[in-house]
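**Student:** Below is the structure I would like to discuss, written out as C-alpha cells.
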C-alpha cells in the first residue's frame, strides 16, 4: 500500500510541476512541439561558425538524403528560423535542400553589438552562404527578410537564381502602425500585435500573453536598433527594384494590416517580369497560417520550366479552408 501511495504522490508531483511549467513557460512548451515536428520531418538543427559568430540554422534535405537545389529562407523582424516550420518539410519533399538561418540578433544566433541594419543582415547572409559553400541559390524572404533577400539579389545577382518574397518590406509606404507595436510593454500590447499580424488572431490567455511579453522584452533592444535603421530610409529599394533580373514571385496576404497589399502590388510593378500571388483572406503570417496555398505557389514557381514570368493571381487562402 505504501508503494501505491508513493506512486500516486509521484504522479501528483509531476502533474504539479507540469502545470507550473505550462502556466509559467507556455512558449517553451510550444517551442518543443515545433522542434519535435521539425525533427520528425528530418529538419535538422545545426550551428556553423560564421566569422566570430556561431550562427544557428535549420537544414532539410530532400527524401533519401538526395542533394537538391539549395533554397535559402530568411525570416523577418522579431522572428527566427522556426517560423518557416510549416513550409520547410514540404519544400524539402519537393526536392529542395533548405537552409533557414536565424539572423544575427534572433533565435539561437548571437546578438553582437551592431546596428542591425538591412545591410548588416544582408552581409551576415552572404557570409553564411560562403561558410556553408552555397554559390548560387533560390532565396525566399518574409517581411524584413524579404527586404534582405531583395537587397541580396540586387547586390549579389550572381548568387541568386530565383527569388520569392512574402509580405515583404523594402519599399516606402505610409506606416499603418506605430513602430513600438513590435515591442509591447503590456499584455494588451501583445494582443494588439497579434491582431495586426493576423485577421484571425489566437485568443491567448493572460498567462501566455505574459510569457510572450517576457520573450519579446529580452530582444527589444535588437528590434529597436533594426527599426531605427529601417526608418532612416537609406536601404529602401524603390529606385532599385527595376534592376532585378532574376525571376521573382511576390506572395501577399490580401488582409495584411502590417504591410498593405498595395506595397506588394508596387513591388510587382517595379520588378520586371515578376509574378504576384495574392492569398485570399490571409494576413501578414500567410507562410504559416496559410501555408498550404503558399507552399503550392512557391514550389510551382521555383520548379516552373520555362520560368514563370508575369501575371497576378488570386489564390484561395484561409477563408477557403487553406
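The values are calculated or read from the model by the stated rules, or taken from the named source; none is laboratory data. This is a predicted model, so every value here is computed, not measured. All Cβ positions, even for glycine, are placed from backbone atoms using ideal geometry, and neighbour counts span all protein chains on display.
**Student:** Looking at 98, 48 in this structure, which one is over 19 Å from the mean Cα position of the chain (by Cα), in a strand (DSSP E or B) and either at pLDDT 95 or above or farther than 21 Å from residue 135 by Cβ (or both)?
**Tutor:** On the way: 98 fails: over 19 Å from the mean Cα position of the chain (by Cα).
The conditions single out 48.
**Student:** Applying the selection to region 29-48, what residues are surrounded by fewer than 17 Cβ atoms within 10 Å (Cβ to Cβ) and touching a strand residue (DSSP E or B) at 6+ places or on another chain (Cβ under 8 Å)?
**Tutor:** Step one: list which residues in region 29-48 are surrounded by fewer than 17 Cβ atoms within 10 Å (Cβ to Cβ), which gives 29-37, 39-42, 44-48.
Of everything in region 29-48, those that are surrounded by fewer than 17 Cβ atoms within 10 Å (Cβ to Cβ) and touching a strand residue (DSSP E or B) at 6+ places or on another chain (Cβ under 8 Å) turn out to be 35, 39, 41, 42, 44, 45, 46, 47, 48.
**Student:** Residues in region 130-142: is at least one part of a helix (DSSP H, G or I) and at pLDDT 95 or above?
**Tutor:** Yes; the residues of region 130-142 include at least one that is part of a helix (DSSP H, G or I) and at pLDDT 95 or above.
**Student:** Name the residue, out of 224, 268, that is in contact with a helix residue (DSSP H, G or I) (Cβ under 9 Å, 6 or more places away or on another chain) and assigned to a helix (DSSP H, G or I). Lay out the reasoning, then the answer.
**Tutor:** On the way: 268 fails: in contact with a helix residue (DSSP H, G or I) (Cβ under 9 Å, 6 or more places away or on another chain).
Matching residue, one of 224, 268: 224.
**Student:** Those residues that are part of a helix (DSSP H, G or I) and crowded, with 20+ Cβ neighbours inside 10 Å, I need them from region 241-262; list them, please.
**Tutor:** Correct list: 241 only.
**Student:** With the structure loaded, tell me whether residue 197 is under 30 Å from residue 297 (Cα atoms), surrounded by 16 or more Cβ atoms within 10 Å (Cβ to Cβ) and touching a helix residue (DSSP H, G or I) at 6+ places or on another chain (Cβ under 6 Å) or whether it fails that test. Show your work before the answer.
**Tutor:** Numbers: under 30 Å from residue 297 (Cα atoms): yes; surrounded by 16 or more Cβ atoms within 10 Å (Cβ to Cβ): yes; touching a helix residue (DSSP H, G or I) at 6+ places or on another chain (Cβ under 6 Å): no.
The answer is no for residue 197.
**Student:** Output the residues belonging to region 155-172 that are in contact with a strand residue (DSSP E or B) (Cβ under 9 Å, 6 or more places away or on another chain) and assigned to a helix (DSSP H, G or I).
**Tutor:** 159
Each row is one residue, and each column tells you yes or no for (1) without any contact (Cβ under 8 Å) to a residue 40 or more places away in the chain; (2) crowded, with 23+ Cβ neighbours inside 10 Å; (3) over 20 Å from residue 216 (Cα atoms).
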{"position": "53", "(1), (2), (3)": "no, no, yes"}
{"position": "58", "(1), (2), (3)": "no, yes, yes"}
{"position": "61", "(1), (2), (3)": "yes, no, yes"}
{"position": "64", "(1), (2), (3)": "yes, no, yes"}
{"position": "70", "(1), (2), (3)": "no, no, yes"}
{"position": "78", "(1), (2), (3)": "no, no, no"}
{"position": "81", "(1), (2), (3)": "yes, yes, no"}
{"position": "84", "(1), (2), (3)": "no, yes, no"}
{"position": "90", "(1), (2), (3)": "no, no, yes"}
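**Student:** Next question, about the same structure. Can you find, within region 263-301, the residue that is surrounded by the most Cβ atoms within 10 Å (Cβ to Cβ) among those that are within 27 Å of residue 69 (Cβ to Cβ), touching a residue at least 40 places away in the same chain (Cβ under 8 Å) and over 16 Å from the mean Cα position of the chain (by Cα)?
**Tutor:** Filtering region 263-301 for residues within 27 Å of residue 69 (Cβ to Cβ) gives 264, 267-268, 270-279, 282, 285-301.
From what's left, touching a residue at least 40 places away in the same chain (Cβ under 8 Å): 264, 267-268, 270, 282, 285-289, 291, 294-295, 297-299, 301.
Subset that is over 16 Å from the mean Cα position of the chain (by Cα): 264, 267-268, 270, 297, 299, 301.
Numbers: 264: 26, 267: 24, 268: 22, 270: 18, 297: 21, 299: 17, 301: 20.
Here the answer is 264.
**Student:** Which one is farthest from the chain's Cα centre (by Cα) among residues in region 58-95 that are more than 21 Å from residue 27 (Cβ to Cβ) and in a strand (DSSP E or B)?
**Tutor:** Result: 69.
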